[in-house]
Amino acid sequence: MGYIKELRKLVGTRPLLMTGACVIVVNGKEQILLQQRADNFCWGLPGGSLELGESLQEVAKRELYEETGLVANKFELFNVYSGRRFYYKYPHGDEVYNVVTAYVCCDFSGRLKKEDKEVEALDFFDISQLPSPINPPDLPIINEFIAKKNEPGIN
């Protein structure tokens, strides 16, 4: 988060617009990958903020690899999220309004390897048995994904 860290030096904890991407990784058992975050100990999706000059696809691939050790061979756009529901105040006081582009990835390679500073644990979970608590900015994304998976005719 070099760009955001640099901005924080100028604005302190005041609310920022933070653009980024997350990845809903789905394995062959139709389970989704969640990471337990080190900052708030909530479970959430791999992802992070956009760096200068980076595309949203690039940030999704980069963050997935950095946080989980997995390489996205192919992913698809799921949805874009913003607004009041995506306001978040970090445990250390920084405030953000997230603009999040979510991707779904069913084609990946590599072995799970957590990033030591940001990630406490990584695991795949059945969508009917997700751990708790879920990271607040990720909850609407995960809920929409589950709702769409449960629609008739959707795989």
Could you give each residue of the stretch 84-90 its phi-based ³J(HN,Hα) in whole Hz, using Karplus coefficients 6.51, -1.76, 1.60 with θ = phi - 60°, and x for Gly or Pro? 4, 4, 9, 6, 8, 10, 5
Rounded to the nearest angstrom and ordered from largest down, what semi-axes does the equivalent ellipsoid of the stretch 2-149 get from its C-alpha gyration tensor (root of 5λ)? 24, 16, 15
Can you tell me the length gained on complete extension of the stretch residue 92 to residue 51, counting 0.36 nm per residue apart and subtracting the Cα distance? 12.6 nm
If the cut-off is a Cα-Cα distance under 26 Å, which lysines reach residue 5, setting aside same-chain residues fewer than 8 apart in sequence? 61, 89, 113, 114, 117
For the ranges 106-119, 16-29, what's the packing order if you count other beta-carbon atoms within 10 Å of each residue, average per peptide, and put the highest first? 16-29, 106-119
Based on alpha-carbon centroids, what's the gap between the stretch 92-152 and the stretch 49-71 in Å, whole number please? 14 Å
From a point 7 Å beyond the Cα of residue 120 in the direction of its Cβ, which residues of the stretch 7-37 have a backbone N at a distance under 17 Å? 34-37
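A short reminder: the numbers here are calculations on the coordinates, not readings from a lab. Since this is a predicted model, take the numbers as computed values, not measurements. Quick reminder, even Gly has a Cβ in these numbers, built from the backbone with ideal geometry, and neighbours come from all protein chains shown.
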